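The values are calculated or read from the model by the stated rules, or taken from the named source; none is laboratory data. These figures come from a predicted structure and were not determined experimentally. Here the Cβ positions follow ideal geometry from the backbone for every residue, glycine too, while neighbour counts run over all protein chains shown.
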Protein chains: 2
Amino acid sequence: MTNVAPSTEREIKAVLFDTFGSVVDWRSGLAREVAAFARAHRMDVDAEAFADAWRAKYEPSMEPIRNGNREFVPLDRLHLENLHAPLPEFGLDAANFDDRELGNLNAAWERLDPWQDSIAGLSELRQHVIVGPLSNANLALLLRMALRAKLPWTVIVGSDATRAYKPTRQAYQNMAWILRLDPGEVMLAAAHNRDLAFAQRAGLGTAFIPRPNEIGPRQTKDLTAEGDWDLVCASILDLAGRFAGT
Amino acid sequence: MTNVAPSTEREIKAVLFDTFGSVVDWRSGLAREVAAFARAHRMDVDAEAFADAWRAKYEPSMEPIRNGNREFVPLDRLHLENLHAPLPEFGLDAANFDDRELGNLNAAWERLDPWQDSIAGLSELRQHVIVGPLSNANLALLLRMALRAKLPWTVIVGSDATRAYKPTRQAYQNMAWILRLDPGEVMLAAAHNRDLAFAQRAGLGTAFIPRPNEIGPRQTKDLTAEGDWDLVCASILDLAGRFAGT
């Protein structure tokens, strides 16, 4: 007999990460690739502004798919469509570039660098639980990113397997189903309060990791945890430490 | 200028493996698990015969899905359905076991041991190309198998992502599409000539690895390569050696 109440804590078997912004630094990576593209074409482009304009199309481009008004297409295709949008704003004409060149620039999303703590944190965490992305990216993109950046995922399931874009409930629940885990056995780790709120509503555990420079020096959003998250961590390494004793 | 003709050899970027029989030894693994189940229930069962009877349902159970007469369901569910079939033949009544017990026996497919050369071979091969399964198993099964057996896959894509069972053309081609590779950049490695024949027709490269004891000492099939395969190897380690120089 024990007078300690049975733990109501869920046993987390997989910690899955929002990837763009939470594990890798999309903004400086895209800006670096845009700058290289501009140099190669002897053009003068504000690379950070271009990266922001490209990224600004990200959420709206998924919306028709979330709403059921467009059939599911993989994120790398949306990225390529979204790349065409800012070109004229920056005085560029898509007709001046061949498909291979634009495809290579589009692959900038596969060449993003991890935040400083990401690899050490994931390497430690994977000693304790299944570690993978829970991203809107498709597997082909996440695989190439992981190979280049040496992200030590246990497993990669892309949005092309769940066929759903966050923050729809299906995106979180299909992921748990594919891994044959209960939603409560899966934890989303993310730098975005909104993503965590939807994950929590879908039954997942939640961990917040701040990335206060994700969208540059003028970031005002997601500087701190704004919900009742299961864990609030300083970094992925800190998050891994919470599992080390279990 | 060179007088060497351009190589017509395809550049293989991923070597994907048939898994049951080619990478892991399903027969002795299933027999071991059936024997343990029988001991736990104080029953006398010919474990190898039971394993063979269970496996005998494997191909027929996928046939309605291949034909479009049944919606896709993951392989672990078919394995569980197939487990019910041989029970009466062996004098057993499913009603005597609870779902958890049968589910645990069904997970025998996740507890199969690699052939002696598999881990060393895959570890070497992954230094050169993407290495993964191209199996009829779903991701949840393949993931648990990989974690237990320490199979060093670069990436795991299950049949639940391709939503197609080999040897349909879609099973091979959807896999290449998900990886964003041309079929000719993907090689199937398998111990089964039939699987290789269908992969070749779908445009994949092919490598044969004999597993002369896969179905026990009386095996008469698949003892040697029976097609015009790109590679005929003695083992996965031998296969890895063919990529070491590239």
Checklist entry - What number of residues within region A:130-146 are within 11 Å of chain B (Cβ to nearest Cβ) and assigned to a loop (DSSP other than H, G, I, E, B)? => result 1
Next on the checklist: Only one of B:Val131, B:Val232 is closer than 17 Å to A:Ala140 by Cβ, of a type outside the set (Gly, Ala, Ser) and at pLDDT 95 or above. Can you tell me which?
Outcome noted: B:Val131
Checklist outcome for this item: Filtering region B:85-118 down to residues that are more than 15 Å from the chain's Cα centre (by Cα) and under 24 Å from B:Phe208 (Cα atoms) yields B:Gln116, B:Asp117
Item to check | Filter pass, A:Leu122 being surrounded by 16 or more Cβ atoms within 10 Å (Cβ to Cβ), part of a helix (DSSP H, G or I), at the interface with chain B (Cβ under 10 Å from one of its Cβ atoms) and at pLDDT 95 or above | outcome: no
Next on the checklist: Is it the case, given these coordinates, that A:Gly91 is in contact (Cβ under 8 Å) with a residue 60 or more places away in the chain and either of a type in the set (Gly, Ala, Ser) or in a helix (DSSP H, G or I) (or both)?
Outcome noted: no
Item to check | Single residue of region B:67-76 satisfying the filter (out of contact with any Pro (no Cβ under 7 Å at 6 or more places or on another chain) and surrounded by 13 or more Cβ atoms within 10 Å (Cβ to Cβ)) that is farthest from B:Leu30 (Cα to Cα) | outcome: B:Phe72
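One line per residue, one yes/no per condition, for (1) in contact with a strand residue (DSSP E or B) (Cβ under 8 Å, 6 or more places away or on another chain); (2) part of a loop (DSSP other than H, G, I, E, B); (3) of a type outside the set (A, V, I, L, M):
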| residue | (1), (2), (3) |
| --- | --- |
| A:Ala95 | no, no, no |
| A:His128 | no, yes, yes |
| A:Gln173 | no, no, yes |
| A:Leu181 | yes, yes, no |
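Let's see how each residue does on (1) modelled with pLDDT of 95 or more; (2) closer than 30 Å to A:Leu143 by Cα; (3) surrounded by fewer than 21 Cβ atoms within 10 Å (Cβ to Cβ):
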site: B:Glu11; (1), (2), (3): no, yes, yes
site: B:Asp18; (1), (2), (3): yes, yes, no
site: B:Arg32; (1), (2), (3): yes, no, yes
site: B:Asp52; (1), (2), (3): no, no, yes
site: B:Glu89; (1), (2), (3): no, no, yes
site: B:Asp93; (1), (2), (3): no, no, yes
site: B:Asp99; (1), (2), (3): no, no, yes
Checklist outcome for this item: Filtering region A:199-217 for residues that are assigned to a loop (DSSP other than H, G, I, E, B) and in contact with a Leu (Cβ under 8 Å, 6 or more places away or on another chain) leaves a count of 4
Item to check | Single match in A:Ala171, A:Ala161, A:Ala149 (criterion: more than 8 Å from chain B (Cβ to nearest Cβ) and free of Cβ contacts under 8 Å to residues at least 60 places away in the same chain) | outcome: A:Ala171
Next on the checklist: Out of A:Thr246, A:Thr220, A:Thr154, I need the residue that is in a loop (DSSP other than H, G, I, E, B), at pLDDT below 95, under 20 Å from A:Lys13 (Cβ atoms) and among the β-branched types (Val, Ile, Thr). Which one?
Outcome noted: A:Thr246
Checklist outcome for this item: Only unsatisfied item for A:Leu196, checking (1) among the hydrophobic types (A, V, I, L, M, F, W, C); (2) assigned to a loop (DSSP other than H, G, I, E, B); (3) out of contact with any helix residue (DSSP H, G or I) (no Cβ under 9 Å at 6 or more places or on another chain), is (2)
Item to check | Flag for B:Leu188 being in contact (Cβ under 8 Å) with a residue 60 or more places away in the chain and away from chain A (no Cβ under 14 Å) | outcome: yes
